[in-house]
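The values are calculated or read from the model by the stated rules, or taken from the named source; none is laboratory data. These figures come from a predicted structure and were not determined experimentally. Note: ideal-geometry Cβ built from the backbone for every residue, glycine included; neighbour counts use all protein chains shown. All accessible areas refer to the heavy atoms of the entire protein, side chains included, with ligands and DNA or RNA removed. Shrake-Rupley method; radii C 1.70, N 1.55, O 1.52, S 1.80 Å.
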Amino acid sequence: MIAAVLYGKEDLRLEQIATPRAEEGELVVRVGAALTCGTDLKVYRRGYHAMMLKPPIPFGHEVAGTVAEVGPGVANFRPGDRVVALNSAPCDRCFFCLRGQQNLCEDLLFNNGAYAEYIRIPARIVEKNTLLIPDGVPFEHAALTEPLACVVRGLEETAATPGDTMVIIGAGPIGLMFMHVAQLAGMKVIAVVKRDDQVATAKLFGASQVVQTTAVENVVAATRALTGEGRGADSVIEAVATPTTWEWAVDMVRKGGVVNLFGGPPSGTRVQFDTNRLHYGDITLKASFHHTPSTCRTAFELITSGRFHCAEAITDRVRLDQVPELFSRMLTRKGGSRDIKTAVFPEGESQ
Ligand SMILES: [Zn+2]
Ligand SMILES: [Zn+2]
């Protein structure tokens, strides 16, 4: 079969590799659609990911498709079933899992290889994080479950309630998904974005007000001015992953508010916070990572119920053989057109 294999920094190759076979407890899924992700781009740029993968390795992790082969011992799936298989599953036995923090599992099992004709789904993911897609839900929508599950968890951790004012910094795929989910949950969303095209996109995804960083002199002051009596937002989500935006987030929240530093800058990055503001403002700092089986199901329900508008999130479609070129293009793509996620179709766009 054909697969996109990551060899290292900016080295992604289309190769003929052996089609996987389903062993005990496993599935082989014929890929219906795979989606590009900010994490994939980050890994492509760096050439590795300490937790997720070591090259050379088949690449891509947001995937939905049709079960092609069922391994011995699998009772819940049959060939022909349409499924979304998440990119990881926890052990449910370690210190963190037993405390309900499965996203921090010490033995989190990752799966990659979505940009391919077929993908092997390991037994643990089959058992804990593979879901049947209802008729009428396209693969490209179902494949959004993984990033949306991270967003749902980030929102849950923030403990915002309907009517709250929430600032979301960043209008990349994750920032936009946060805006939409927050709006669905009844929050008043203020988006902080950079580019011209992101102003309209943020509104499309549920922001009621938008601050464009290049159009104001003081981003923090302009954002606070949009909150009740200028006291700051009830909660702030940072989804850019730079020290400056991390610092803005703390300066934009109200006393007693919650900041979720969701974007992960490179290791070794340092930020500066005003200790006085943190302490006397009684501010809670959080930094959410990844998803749990529970948030995967919540995200899947948002998608399959039609409440989450998936169609807006997929702005480009390519064939599998275009993936290496797509990633080299994504490296340099800055601004201009509204592009959020690209769907990759090994077999053309028919569902
Ligand atoms: Zn992803
Ligand atoms: Zn565990």
(message) Which residues does the label zone of Met330 cover in the range 268-305, counting backbone N under 19 Å from a point 7 Å along Cα→Cβ?
(response) 290-291
(message) Counting only chymotrypsin sites (Phe, Trp or Tyr not before Pro) that sit in a DSSP loop (anything but H, G, I, E, B) with at most 16 other Cβ atoms within 10 Å, what is the longest stretch of the chain containing none of them?
(response) 49-272
(message) Check which residues have an amide H placed less than 5 Å from Lys286's amide H, if you skip close sequence neighbours.
(response) Val259, Asn260, Leu261
(request) Considering the convex hull of the alpha carbon atoms of the chain, report its projected area averaged over all viewing directions, in nm², one decimal. (result) 17.3 nm²
(message) What lysines does Lys286 reach when the alpha-carbon gap must be under 25 Å and sequence neighbours fewer than 8 apart in one chain are set aside?
(response) Lys42, Lys188, Lys194, Lys255
(message) Could you give the length gained by full extension between Ala215 and Val318, i.e. 0.36 nm per residue of separation minus their alpha carbon distance, to one decimal place?
(response) 33.6 nm
(request) Would you mind finding the longest exposed-site-free stretch of the chain, with exposed GluC sites (Glu not before Pro) meaning DSSP loop and at most 11 other Cβ atoms within 10 Å? (result) 218-351
(request) Return the loop-located trypsin sites (Lys or Arg not before Pro) in the range 193-283 (DSSP other than H, G, I, E, B) with at most 12 other Cβ atoms within 10 Å of their own Cβ; answer none if there are none. (result) Arg270
(message) Helix 243-252 against the longest principal axis of the chain: what's the angle in degrees, Cα atoms only, rounded to the nearest 10?
(response) 50 degrees
(request) Over the chain, with every protein chain in place, what whole percent of the accessible area is carbon and sulfur at 1.4 Å, could you tell me? (result) 49 percent
(request) Relative to the compact-globule scaling 2.2 N^0.38 Å, provide the ratio for the alpha-carbon radius of gyration of the range 149-286. (result) 0.94
(message) Under the 0.36 nm per residue contour assumption, what length would be gained going from the current alpha-carbon distance of Asp196 and Glu24 to full extension?
(response) 56.8 nm
(request) Collect residues whose amide H, placed 1.01 Å from N in the peptide plane, falls under 5 Å from the amide H of Gly232; neighbours closer than 5 in sequence don't count. (result) Thr227
(request) Return the long-range amide H neighbours of Val192 (sequence gap of 5 or more, or a different chain), with a cut-off of under 5 Å between placed amide H atoms. (result) Ile168, Ile169, Gly170, Val211
(request) Using only alpha carbons, build the gyration tensor for the range 115-219 and give me the equivalent ellipsoid semi-axes, biggest first, whole Å. (result) 32, 16, 12
(message) Show me the trypsin sites (Lys or Arg not before Pro) within the range 3-56 that DSSP assigns to loop and that have at most 14 other Cβ atoms within 10 Å of their Cβ.
(response) Lys9, Arg21
(request) Using Cα pairs closer than 8 Å and at least 6 residues apart in sequence, work out the relative contact order for the chain, in percent. (result) 18 percent
(message) Nearest 10 degrees is fine. How inclined is helix 323-332 to the longest principal axis of the chain, computing both from alpha carbons?
(response) 20 degrees
